[in-house]
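Taking it in order: structure first as structure tokens, then the write-up.
The values are calculated or read from the model by the stated rules, or taken from the named source; none is laboratory data. This one's a predicted model, so the numbers in the text were calculated from it and none came from an experiment. Here the Cβ positions follow ideal geometry from the backbone for every residue, glycine too, while neighbour counts run over all protein chains shown. For accessibility, only protein heavy atoms count, side chains too; no ligands or nucleic acids. Shrake-Rupley method; radii C 1.70, N 1.55, O 1.52, S 1.80 Å.
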Amino acid sequence: MRAHSIEYDAERILVFRTAQRDDGAQGWRAAPRLRIALAHGEQAPLVGLGWRTLDGAEAAIGFERDMQGFHGYRRATDGMPAEYRGVLERCEEFRDDAAHRFRTQRSRGAEWRDGPDLRLLLEDGDACAERLDWCDRAGEAGALSLRVALSEPHAASEVTRGVGTIRAHHEFRAAGEVADNLLDGLPNKWLGDWADGAWLEFDLVRPAAIRYYLLTTANDCPDRDPTDWALKGSHDGWQWNRLDLRGGQVFTRRHEERGFTVAEGDGTAYRHYRIDFTANAGADHVQLRRVRLFETPPLTTYQGFFGCLRQADGIPSGLRGSPIPRASRPTAAGIRTAELQRPLPRTVSDWHGYLSEYSADIIRVAAGDELSGVGKRRGAGWLGYEGASEERLAGAEARLGTRLPPSYRSFLGASDGFLHLGPFMREMRATRTVTWLRGSAPEFSHSMDGKDSRVLERALLISAEGDAQHWLLDPGDVSQDGEWAAYIWASWYPGLGERYSSFAELVAAERARFERQAGYEGRGVRPEGANELVAQGRDQVRRGLPEQALASFERAAVKGSGAGLYLKTLLGAFLDLRSAHHDIRDDVLGRKHVVETIGADQLRAEAVPLYLRRVVENQGPMVALPQLAVLEGLVPELALMAGESAAEWIARAAAHVPPALPETPVFQQALDQARVLAGRGAGDAAWAVIEAALPHWHSFNPHRVVPVILLTDPLLRNVVTPRRARLAVTLPRATGRTA
């Protein structure tokens, strides 16, 4: 019995406490909270609601009067049904940054008319909804098919790297299947005995409020997958508060990564987290490949919907909607343009200003012979042409048999063609040469599967001469405002490239790519503020915020800072060592402005040995010796000798002893002690010594922000595992000196 009822309010989010009872079971078990908001004009209380999620699960429920509770069913991804019930627990404010809002149109016959905005939120603790139907007490009923744009959780919100210690109830150390493997992202796993339960505990370097987590299945034995568990948080590691409860979960394949939004947490930051597993799929063991923890859940966006509506008078109509951008979190296009701090061009006037500024940027930073076919345009500061008249545009549309999408049409109105619109796009087609792709580009004669082939069959080719790439618009993927999806096909892509929602968004992304490429070459388009960004990144490293520091160094590198590019590369090696040799070769040793900024002595002590370590570790029958050209000026003794084989050079590189940079006495003492312990095989003890000293590491050299010696010292390589390397840059520094 309820002590009191909660007043229904269509303007707020309704939060239900829920429970499930499996088919044939006697008792009910708690399930994640259900959060619902559905308002379309004067929305009456709902009578029924049904939905299907992206992973194939579905549910249907009927509400009590004024939505005080519900009964219904849920069917899991494996098809197993369960009874489902809930009680209205509270109402929350409807915020545009936390839910979805759509502009809608209704049709009767062939005519579409604007309708009231639709506000929508449905979270049942699992995947986002792709289909929705409802009916309310006023007699209105509707059904929607939603176009979902999936997103990854934001890297900056991940706190997995801040896990100092992970423990398990049991692990198979002899086989190397230990709990530490859950944090490194490599293709290994944790395996433990199952004795009516299992658990994992995570101790963080600093408290964090976990709002989302990912679990990844291991490589074999589906019956070892966990099915029921609870996520808990604690301040002291003894008293635990339940944050999320899951039951009847099904993983459908090996190495499947599933995300879960914390359903019961109130935003409290805890130092300790625990997953209590209470059931698995039936085996005598339990296993996972990976666990990842995040402070914010991923942003799921909807590109729109189609559906139908039956109003209270019984007359049916079509219903479609387009998303209204969220108030505080930008869309994909907004993220790209936020870096440029300029809006997307829409009108002819917008394009005139945008292209004039872009032309000036390209010409200003271009090398002498870099721009082909420009001629007098370089002096005029304009890489475009005279804009197409309305008559010319109409003629092109008549020839093509379709009206061109708005942002591309207005682009042609500002400049009928363009030179060097992207780093690899030398010339765009004009109105007289824009054509359908089919039969016009021999590079596409090879087949593509699935969606790619369908896009290519109908695509409009808008580029003329590029560096093995073409720009395409898709008339089969049209937004509510008439924009066509845009793609770049390039010879180095396995299929079509990234999807852009419009031509304007594609151009903005290519402009950002041009600015990044120029900055990485030391020719920043807008170099102002680069030094401040480097200083900001150094401070963020000192405070144990590596992802934020990477973003600061990246922005400085785009502005042309050699220091920013160097620090980004070296810090990035601590977060993911696997591609460090490629990054050092391309973005440090191969960049003149980086070499000049950092200096040969530091490069020989840090970048070169780290580069050599990864080259040696990746040795194989096809050693890429031509890459050694980047070393010749810095380390002549490592130049390839006449007649030397790849294996001989690898052996010489492995034996190379680099110069050492000075360390503070405290840290040097810790290094010496750790080396002795590592030599005795006491790797854990060696790491404990290093970990205790890391908060006190510092350097007065502004171009040293991390102790690279931990990754290059031969005795410490097996001690400083990938997880420990990430932890090393997550620990805050206790010193206020320059890091």
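With all protein chains kept in place, the per residue accessible area of segment 54-95 amounts to 49 square angstrom at a probe of 1.4 angstrom.
The residues of segment 519-649 present an accessible area of 42 Å² per residue when probed at 1.4 Å with all protein chains retained. Projection of the Cα convex hull of segment 529-638, averaged over all directions and equal to a quarter of that hull's surface, yields 6.8 nm². Surface composition of the chain: carbon and sulfur atoms hold 50% of the protein heavy-atom accessible area at a 1.4 Å probe. Relative contact order of the chain: 9 percent, from C-alpha pairs under 8 Å at least 6 residues apart in sequence. 3J(HN,Hα) along segment 345-352: x, 10, 8, 4, 4, 4, 5, 4 Hz, from the Karplus curve 6.51 cos²θ - 1.76 cosθ + 1.60 with θ = phi - 60°, whole Hz, x for Gly and Pro. Please give me the summed charge of the neighbours of Leu412: other residues whose Cβ is under 12 Å from its Cβ, Lys and Arg +1, Asp and Glu -1. Combined, the nearby Lys, Arg, Asp and Glu give 0.
Note on segment 44-143: Rg/Rh from C-alpha atoms, Kirkwood Rh, equals 0.99.
Using the Stokes-Einstein relation with a Kirkwood hydrodynamic radius computed over Cα pairs, the translational diffusion coefficient of segment 182-274 at 10 °C and a viscosity of 1.306 mPa s comes to 110 µm²/s. Two decimals is fine: what is log10 I(q)/I(0) at q = 0.06, 0.07, 0.10 Å⁻¹ for the chain, from a Debye sum with one equal scatterer on every Cα and no solvent? Debye intensities relative to I(0), on a log10 scale: -0.46, -0.64, -1.24.
In order along segment 494-506, the phi-based Karplus estimate (6.51 cos²θ - 1.76 cosθ + 1.60, θ = phi - 60°) of 3J(HN,Hα) comes to x, x, 5, x, 4, 7, 10, 6, 7, 4, 4, 5, 4 Hz; Gly and Pro are listed as x.
Over segment 37-94, what relative contact order in percent results from Cα pairs under 8 Å that are six or more residues apart?
Values: 88 pairs, mean separation 14.4, N = 58.
So the answer I get is 25 percent.
On a per residue basis, segment 96-140 carries 48 Å² of accessible surface, using protein heavy atoms and a 1.4 Å probe.
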